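The values are calculated or read from the model by the stated rules, or taken from the named source; none is laboratory data. Everything numeric here is computed off the predicted structure, so don't read it as measured data. In this analysis, Cβ positions are derived from the backbone assuming ideal geometry, glycine residues included, and neighbour counts consider all displayed protein chains. The area values use the complete protein model at the heavy-atom level, side chains included, leaving out ligands, DNA and RNA. Shrake-Rupley method; radii C 1.70, N 1.55, O 1.52, S 1.80 Å.
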Amino acid sequence: FTSVKNELLPSHPLELSEKNASITSNFQLNQDKTNFATLRNIQGLHAPLKLQMEFRAVKQVQRLPFLHSSNIALDTLRGNDESIGFEDILNDPSQSEAMGEPHMMVEYKLGLL
């Protein structure tokens with residue numbers, strides 16, 4: 001009985017984060033917000049704005065459409081480049097190294113097909 005459980009036990013702050021379908025992106029978003037708030041309190045308004053600008057610039061840099069991009073620059077900015085996580089060991093099958101026809105993929109990306 002979830003309704004009775006919610007009335008009896010207080011909910012944990014991480015419960016909302018765990019219930020969402022995209023746990024990692026929600027966790028990363030909350031972590032980024034916390035880091036930006038800390039930077040703003042310590043260094044002023046310019047620090048989180050500069051970091052957000054760098055995040056946007058790094059997200060725009062991609063490999064060719066037929067090659068998977070690891071986003072190593074974004075991981076480096078976030079400080080995740082030296083940590084080993086689940087996705088490093090057992091990666092998503094959709095991000096496998098299976099390569100398609102390069103010419104067709106580039107033409108599709110450019111809207112020529």
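Numbers below:
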item: Those residues of region 60-76 which are part of a helix (DSSP H, G or I) and loosely packed, with under 13 Cβ neighbours inside 10 Å, in sequence order; result: Gln60, Ile72, Thr76
item: Residue selected from region 77-112 under the condition β-branched (Val, Ile, Thr) and either open to solvent by 100 Å² or more (accessible area, probe 1.4 Å) or modelled with pLDDT of 85 or more (or both), by the criterion nearest to Ala57 (Cα to Cα); result: Ile84
